[in-house]
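Accompanying notes for the structure given below.
Taken together, the values in this text are just the output of simple stated rules run on the coordinates, not laboratory data. None of the values given here were measured: they were computed from a predicted structure.
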Amino acid sequence: MTDLALTWCVSGAENPGHPPMSLTRGLADASEAELVERFRATRAPRFFDELYQRSRRRVFAVCLRIVGDAARAEDLCHDTFVRAFQGFDRFSGTTFAAWVCRIGVNLSLNEVRHRTVAARSERQHDPPVTPAGAERRLVSREALDRAAAIIEGLEPHQRRVFLLRHLDELSYGEIAERTGWTGEQVRSFLQNARRNFRIAWERWSAGEPRGEEHRHG
C-alpha cells in the first residue's frame, strides 16, 4: 500500500456485512466499477488505493498540463485524491478516473487563477527588473496563466468539451458518450469554445483591455 493510502484515515478492516473479494481473484483483476462498489460498501483503503494506482498518472498529467510545474502538479494530484476520498459519496454517473480528473482540473485552474492574481498584485507593487531570459520565462508563465483564465471564462458546456478534448484527449464519440450530448452538439460546443478562446487570446496578445469576454453559442 502506498504512503498516500495511509492518509485515508480509516480502518483497514472490512465491513463484516460484506464478504471479502474472492481470494482467487486479486485486486488487479477487478474492474474499476467493482472496486468502486467495494470501497463504497466497505470503506476499506485497499480498494481506494487500487483506484488511486490506476488513475494517478492520468491525474498528474492533467494537473501538469495546467500548472506547468511538476512539483506543484504532484501536490495537486495528492490533494485531488484526498478530496476524492473525503467526498466519495458524491461520486456518481461517470468513471472514477474521469471524476478524479475533473477534480484535478478544478484544483489546478484554481491554483493558476490564484497565482495570476498574486503575480498581478506583486507586479503592481514592486515591478521586477529581470534579465532577458527571466523576462521570457515570465512571459511564458503569463501566457499559461492567461490561457487557463480564458478556459475558466468559457460557458460551462464549452469549457467541459474543451477540456475533455484538449486535456483528456477524448475523441468526439467518447465525449458524446461521457456527456450524453449528440455528436453534432459536441462539434458545435467545441467549435464555439475554440472560437471564443481564439478571440480572447488574440485580444490579450494585442494588449487590449480585458473587460468582459465575448461569449457565443
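Compute the separation of the alpha-carbon centres of segment 143-181 and segment 29-98 and state it in Å as a whole number.
20
Using the Kirkwood formula over every pair of different C-alpha atoms, what hydrodynamic radius in Å results for segment 19-105?
Roughly 13.4 Å, rounded to one decimal.
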